[in-house]
Amino acid sequence: MIAVRPAPGLFASVVALALCGGCRGDGDAPRTTAVRDVPAATFDAGPQQPPGMIWIPAGTLKAGTPPDKTPRIAAEELPGVDESLTGFYIDTLPYPNEAGAIPTTNVSREEAAQLCEKTGKRLCSELEWERACKGPDNATYEYGDEYSKDKCGTGVSVEEGARRPSGDRVLCKSGFGVREMHGGPWEWTSSPWGRGHHGDLGVLRGGNAVAGELAGRCANALGRAPTQKSPVMGFRCCKGDPNPNKVELTVTTGRALEPQLKPDAARIGRAARNLPGVTLPDTGTFFITSSWTWRPTPNEVLTLASGCAKYEKGGRPVGCALFAFRPGNADAGASDFVLTGVPADVGIGEMVLAGDARHVRVRGLMSQGGLYVRDVTYSYGRVGIGEQRK
């Protein structure tokens, strides 16, 4: 099992949890057919196809994970931005790129690069690696958008996965035909860790972890010192003119939980009426009882709010809810995104952190009198609201 680490990669808290026109590679593999119209097997062919390599045609990579998809590590992944990459070749399997061989590990980034150079190749950049993994449809996992632990053998410790011979997981294949990018050792790339960390870290991709749904994503990355060697760190090679695209992500922080002194009533009311599984009376109004800005992790700013649709005679509240949403950036054309919500008893009077920034405890009044509490938890882009209790 990978140990919890202070360095970046699967975020600071967990690792164990962890189309085409005029495309070319080395100037010798022209393509003119649109990526989405060509079967994956076609990508494997080329006039001078290097043995054991896959042609990745020029195209657009949706780099990272969009804010409306989960799981997601906001401080380590680009928000699904378009990156145009030229064509290149990539090894079908981890080095030594041979079916039945145990992947080579215990090499530094420089040693990995030297081994690639000896065969006339180079280390892949991290976005080239991600492009090869996501395939022509920009899938979350190499095999699609729904997680499967069996296809790549993820969901186990990387120590266990790194000892497996290459080539036996035939379903662990990207839309381009690249195989076993997850399930085995982490793979060095040539890229620096451009995520707000000022230390000299290099980027590894792929790998394995007990938290397979998180670690098995094509967008996932790990930051380590380039000189570090480990039995769970290997590599694969690329060939062709390198793409200069880089991950450059500003990491912002702020107070974890603070009340909104002037809440946007219209925005909060719209979010309340778009709660999944919660139907409020259509009164045209929404009375806010509590509204807070919540920053559970760097680069993640949410609104945690409660309120009621109306108050009947005698002050009895009707249609109350507790919910969380991510305010969109209107200037960037991003809409508000509702994460979750539950019916609430009256309203929330207090919100406090419960242990760390990812856990909030809310306290409110019960309609029949007395107080109740609920726990709200953030986990890699998802928000869960616990049961009401006294």
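The values are calculated or read from the model by the stated rules, or taken from the named source; none is laboratory data. Please read these numbers as outputs of a predicted model, since none were measured by experiment. Neighbour counts run over all protein chains shown; Cβ positions are idealised from the backbone, glycine included.
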Would you call Val362 in contact with a strand residue (DSSP E or B) (Cβ under 7 Å, 6 or more places away or on another chain), crowded, with 21+ Cβ neighbours inside 10 Å and over 19 Å from Thr283 (Cβ atoms)? yes
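Counting just the residues of region 368-390 that are at pLDDT 90 or above and of a type in the set (Lys, Arg), which one comes out nearest to Arg295 (Cα to Cα)?
This residue is Arg382.
To keep it simple, each residue is scored yes or no on (1) outside the structural domain of Gly234 (by TED's automatic domain parsing); (2) surrounded by 23 or more Cβ atoms within 10 Å (Cβ to Cβ); (3) closer than 12 Å to His182 by Cα.
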site: Arg131; (1), (2), (3): no, yes, no
site: Asp137; (1), (2), (3): no, no, no
site: Gly144; (1), (2), (3): no, no, no
site: Lys149; (1), (2), (3): no, no, yes
site: Gly153; (1), (2), (3): no, no, yes
site: Glu159; (1), (2), (3): no, no, no
site: Arg163; (1), (2), (3): no, no, no
site: Arg169; (1), (2), (3): no, no, yes
Specify the residue that is nearest to the chain's Cα centre (by Cα); the eligible residues are those in region 96-129 that are aliphatic (A, V, I, L, M) and surrounded by 18 or more Cβ atoms within 10 Å (Cβ to Cβ). Leu127
Within the set of pairs 6+ apart or on separate chains, which have a first residue in region 190-218 that is assigned by TED's automatic domain parsing to the domain that holds Arg164 and of a type in the set (Asp, Glu), a second that is in a loop (DSSP other than H, G, I, E, B) and surrounded by fewer than 23 Cβ atoms within 10 Å (Cβ to Cβ), and C-beta atoms under 7 Å apart? Asp200/Ala225; Asp200/Pro226; Glu213/Pro71; Glu213/Tyr147
Just to be sure I understand, how many residues within region 101-122 are in contact with a strand residue (DSSP E or B) (Cβ under 7 Å, 6 or more places away or on another chain), of a type in the set (Val, Ile, Thr) and over 15 Å from Gly207 (Cβ atoms)? 1
Per the filter on region 76-95, residues among the charged types (D, E, K, R) and out of contact with any helix residue (DSSP H, G or I) (no Cβ under 7 Å at 6 or more places or on another chain) are Glu76, Glu77, Asp82, Asp91
How many residues does region 177-189 hold that are buried (at least 24 other Cβ atoms within 10 Å of the Cβ) and either within 22 Å of Thr60 (Cβ to Cβ) or outside the structural domain of Gly223 (by TED's automatic domain parsing) (or both)? 3
Tally time: how many residues in region 191-235 are over 22 Å from the mean Cα position of the chain (by Cα) and crowded, with 24+ Cβ neighbours inside 10 Å? 0
